[in-house]
Amino acid sequence: MKNRICFLLKLFFGVALWMALLKIPFMLLHLREGLSISNLLQVLGHGWSLDLTVAGYITALPLLLLLLSLWLPLTEQRWRTLIHLYLTPIALLAAAIFTLDLGLYGYWGYRIDSSVLIYLSTPREAMASLTPTDWIGGVIAFLLIFGGYFGLFRFITSTLKIKKLALSTRLWGTPLFLLLGGLCFLAIRGGVSVTTANISQVYFSPDQQLNHAAVNPLFSLLSTLGDEKDMEPQYLFFDEEERVRNFELLRGDRPDTLSGPSLLREPRPDVVVVLLESFGRCFVDEWVEGEPVTSHLLRWKEQGLWFENFYANSFRTDRGEVAILNGYPAQTRMSIMKYPNKSHSLPSLARSLGREGYESTFVYGGNLNFTDQASYMYATGWQRLIWQKDLSLDAPQSKWGYADDVMGELFAEEVLRLTEPDPAGRNPQLLGWLTLSSHEPFEVPYEKFDHKILNAVAFTDEQVGHLLDRLHQSPAWEHLLVILVADHGFLYPETVAYNSEERHRIPMLWVGGALREPGVVEEFASQSDLAATLMAQLGIAHDDYLFSRNIFDPSTPKFGYWCFNDGFGVADRNGVTRYDCTSDRVQENQGAGESERLLMGKTLLQTTYKDIRER
């Protein structure tokens, strides 16, 4: 009996200790500042409670097996085999999750959660960002972590002795094991308080990286499974009456179609939307030895309408696409694109313009099955998709697909063919292109800058510049409105916080012969405002767009809004506020007007999830 209990205690605390120790390589790899013995001890101390919770989950089944061993006449070897059959896949799963989390954090800026499943459903594309160094490092990390788990389980199990016990021992041993089961349940639950185990319990510092370091990645992933289906209760900042009142000023579904200046020379130009992969504003402002990284964008900026204070709603392509093409705000940990029964009901540029006679074509050099983009785009009104499966080009492919030089030429040909003047008349065109070369692993057929990321961005910039030059030289230019906008920002330089204003600020530029004149728009706005703004300029009603606001409508507030993992940020002319929902506190505030920005951000976040739930 004593041996059985000692085994459970060794398993429980051994697992918890090993997971605590795995926080050390995480901190060494990802904490550039704040790495000290004091901070390490605080991370280990505050994170210990979730380590115990996960250890409780892992120990639960062995505890049940040892309870059964009091009454079932199996040999000691059989019981050990059963425990081995359970613990070995646990070691594999835990090692895989810890390794994936270790690698993804540098890109995502938060601990692994259920949103990873969105991208692993198409593993080829999900792994396309990994360099050979990433693969080698990942394999080594996995083997070391798995070896630690497996060795720990093997050693502890080798100490297990299961002897036949007297009836009296079994009779008093049974309630003892039931008591141990109750203690195990308390560890899983996180104690006896009303609040159950959750990630916020390990947060202890204003430094978000230290809080993240304290989180157990196994708990982070498992505790968020299923969150996407109904997350609204997590964001009940206001009662319904107050939420409705707060949202009234923020809503975009207004009956007006043209408030503010008229920017276009003609009512129905051909519209080209180029989504620039990972094209943060940071790159537009970056110079290397006196040379701009995005020289072509800066050249065209002087000839177009430049939006100075424009923000991405999220940090992933699938969420940025929905914000741009559907006028719909991003979500914190879910992607509505992955839920066809909901995303298909969204309003969309393609559908709205289609009702006005526009024909639509979208081009991408990669796999549009990634994050269900193809089904989402067809369902939201795009009539024709051209992507990797349709192409057999005499050109090499990167991990993501055909590079931007190849696709830029193809897209230019498509635009010129579809917008060619026709004496018999033709329908106006909506054409979209999502670039892909300025994305990890940033491998491009181009050598301009030593810095790999800057070099890839400069490559995409050059291809987009060539596209605009070619269109400008054609008769189609006079009837074109070309919108260049990033799908999301980027963590550059590396010291920028993953949820910061700098990370989410992006460029947007309107050019083309259909534009009246160049200029600079100073109003603060975000991707979800593009749809209503464009349709207002086209004289098309946008009263089915709940969240998209016409940037030039003087009656609407002007601000940029973005979401990150369980939080949001708001920027306006008075300052910037970032709010973390997990710790329920403001992470950053600059300037006056914090309360107004918090009110807008909380109202938008709560209303977004309410709307998703009701779709």
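The values are calculated or read from the model by the stated rules, or taken from the named source; none is laboratory data. Predicted model, so just to flag it, every value in this text is computed and none were measured. Here the Cβ is made from the backbone with ideal geometry for all residues, glycine too, and neighbour counts use every protein chain on show. Areas reflect the complete protein model, heavy atoms only, side chains present, ligands, DNA and RNA absent. Shrake-Rupley method; radii C 1.70, N 1.55, O 1.52, S 1.80 Å.
In the stretch 91-109, what count of residues is obtained for those that are within 20 Å of Tyr57 (Cα to Cα) and either open to solvent by 40 Å² or more (accessible area, probe 1.4 Å) or without any contact (Cβ under 8 Å) to a residue 24 or more places away in the chain (or both)?
The number of residues fulfilling the criteria is 3.
Can you give me the number of residues within the stretch 453-474 that are under 16 Å from Trp400 (Cα atoms) and either touching a residue at least 24 places away in the same chain (Cβ under 8 Å) or open to solvent by 20 Å² or more (accessible area, probe 1.4 Å) (or both)?
Residues that pass the stated criteria total 4.
Yes or no, residue by residue, for (1) open to solvent by 10 Å² or more (accessible area, probe 1.4 Å); (2) over 27 Å from Phe552 (Cβ atoms); (3) in contact (Cβ under 8 Å) with a residue 24 or more places away in the chain; (4) out of contact with any strand residue (DSSP E or B) (no Cβ under 7 Å at 6 or more places or on another chain):
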residue: Gly260; (1), (2), (3), (4): yes, no, yes, yes
residue: Asp270; (1), (2), (3), (4): no, no, yes, no
residue: Leu275; (1), (2), (3), (4): no, no, yes, no
residue: Gln303; (1), (2), (3), (4): yes, no, yes, no
residue: Trp306; (1), (2), (3), (4): no, no, yes, no
residue: Tyr311; (1), (2), (3), (4): no, no, yes, no
residue: Arg316; (1), (2), (3), (4): yes, yes, yes, yes
residue: Pro329; (1), (2), (3), (4): no, no, yes, no
residue: Ser348; (1), (2), (3), (4): no, no, yes, yes
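For the stretch 408-419, enumerate the residues that are open to solvent by 20 Å² or more (accessible area, probe 1.4 Å) and either among the aliphatic types (A, V, I, L, M) or at pLDDT below 90 (or both).
Across the stretch 408-419, the qualifying residues are Leu410, Leu416, Leu418.
Can you tell me which residue among Ser335, Ser352 is within 28 Å of Thr608 (Cα to Cα), open to solvent by less than 30 Å² (accessible area, probe 1.4 Å), in contact (Cβ under 8 Å) with a residue 60 or more places away in the chain and under 20 Å from the mean Cα position of the chain (by Cα)?
Going through Ser335, Ser352 in turn, just one is within 28 Å of Thr608 (Cα to Cα), open to solvent by less than 30 Å² (accessible area, probe 1.4 Å), in contact (Cβ under 8 Å) with a residue 60 or more places away in the chain and under 20 Å from the mean Cα position of the chain (by Cα): Ser335.
Applying the selection to the stretch 287-307, what residues are in a loop (DSSP other than H, G, I, E, B) and closer than 11 Å to Asp461 by Cβ?
Residues satisfying the conditions are Val293, Thr294.
For the stretch 148-156, indicate whether the set of residues that are of a type in the set (Val, Ile, Thr), within 15 Å of the chain's Cα centre (by Cα) and at pLDDT 85 or above is non-empty.
Checked against the condition, which is being of a type in the set (Val, Ile, Thr), within 15 Å of the chain's Cα centre (by Cα) and at pLDDT 85 or above, the stretch 148-156 yields no hits at all.
Does the stretch 574-594 hold any residues that are surrounded by fewer than 16 Cβ atoms within 10 Å (Cβ to Cβ) and over 24 Å from Phe204 (Cα atoms), and which are they?
Correct list: Asn574, Gly591, Ala592.
Just checking, does the stretch 434-452 include any residue being open to solvent by less than 10 Å² (accessible area, probe 1.4 Å) and in a strand (DSSP E or B)?
The answer is yes; a qualifying residue exists.
Please count how many residues of the stretch 453-482 are in a helix (DSSP H, G or I), out of contact with any helix residue (DSSP H, G or I) (no Cβ under 6 Å at 6 or more places or on another chain) and among the polar types (S, T, N, Q).
Qualifying residue count for the region: 1.
Open to solvent by less than 10 Å² (accessible area, probe 1.4 Å) and touching a Pro at 6+ places or on another chain (Cβ under 6 Å): is that true of Ile83 in this structure?
Taking the combined requirement at face value, the residue satisfies it.
Is at least one residue of the stretch 560-578 without any contact (Cβ under 8 Å) to a residue 24 or more places away in the chain, touching a strand residue (DSSP E or B) at 6+ places or on another chain (Cβ under 6 Å), over 26 Å from Leu305 (Cβ atoms) and not in a loop (DSSP other than H, G, I, E, B)?
Scanning the stretch 560-578 turns up no residue that is without any contact (Cβ under 8 Å) to a residue 24 or more places away in the chain, touching a strand residue (DSSP E or B) at 6+ places or on another chain (Cβ under 6 Å), over 26 Å from Leu305 (Cβ atoms) and not in a loop (DSSP other than H, G, I, E, B).
Within the bounds of the stretch 520-537, is there any residue that is modelled with pLDDT under 95, in contact with a helix residue (DSSP H, G or I) (Cβ under 7 Å, 6 or more places away or on another chain) and under 19 Å from Tyr311 (Cβ atoms)?
no
When the residues of the stretch 272-286 are narrowed to those that are assigned to a loop (DSSP other than H, G, I, E, B) and not acidic (Asp, Glu), which ends up nearest to His466 (Cα to Cα)?
Here the answer is Phe279.
For residues in the stretch 499-555 being of a type in the set (D, E, K, R) and assigned to a strand (DSSP E or B), which is nearest to Arg333 (Cα to Cα)?
So, considering only residues that are of a type in the set (D, E, K, R) and assigned to a strand (DSSP E or B), the one nearest to Arg333 (Cα to Cα) is Arg505.
Need the failing condition index for Leu28 against (1) in contact with a helix residue (DSSP H, G or I) (Cβ under 9 Å, 6 or more places away or on another chain); (2) under 18 Å from Pro217 (Cβ atoms), just the number.
(1)
Which one of these does Gly106 not meet: (1) touching a His at 6+ places or on another chain (Cβ under 7 Å); (2) under 17 Å from Tyr203 (Cα atoms)?
(2)
Would you tally the residues in the stretch 1-58 being surrounded by fewer than 18 Cβ atoms within 10 Å (Cβ to Cβ) and not in a helix (DSSP H, G or I)?
6
Any residue in the stretch 285-295 that is touching a strand residue (DSSP E or B) at 6+ places or on another chain (Cβ under 6 Å), on the phi < 0 side of the Ramachandran plot, among the hydrophobic types (A, V, I, L, M, F, W, C) and open to solvent by less than 10 Å² (accessible area, probe 1.4 Å)?
So far as the stretch 285-295 goes, no, none of its residues is touching a strand residue (DSSP E or B) at 6+ places or on another chain (Cβ under 6 Å), on the phi < 0 side of the Ramachandran plot, among the hydrophobic types (A, V, I, L, M, F, W, C) and open to solvent by less than 10 Å² (accessible area, probe 1.4 Å).
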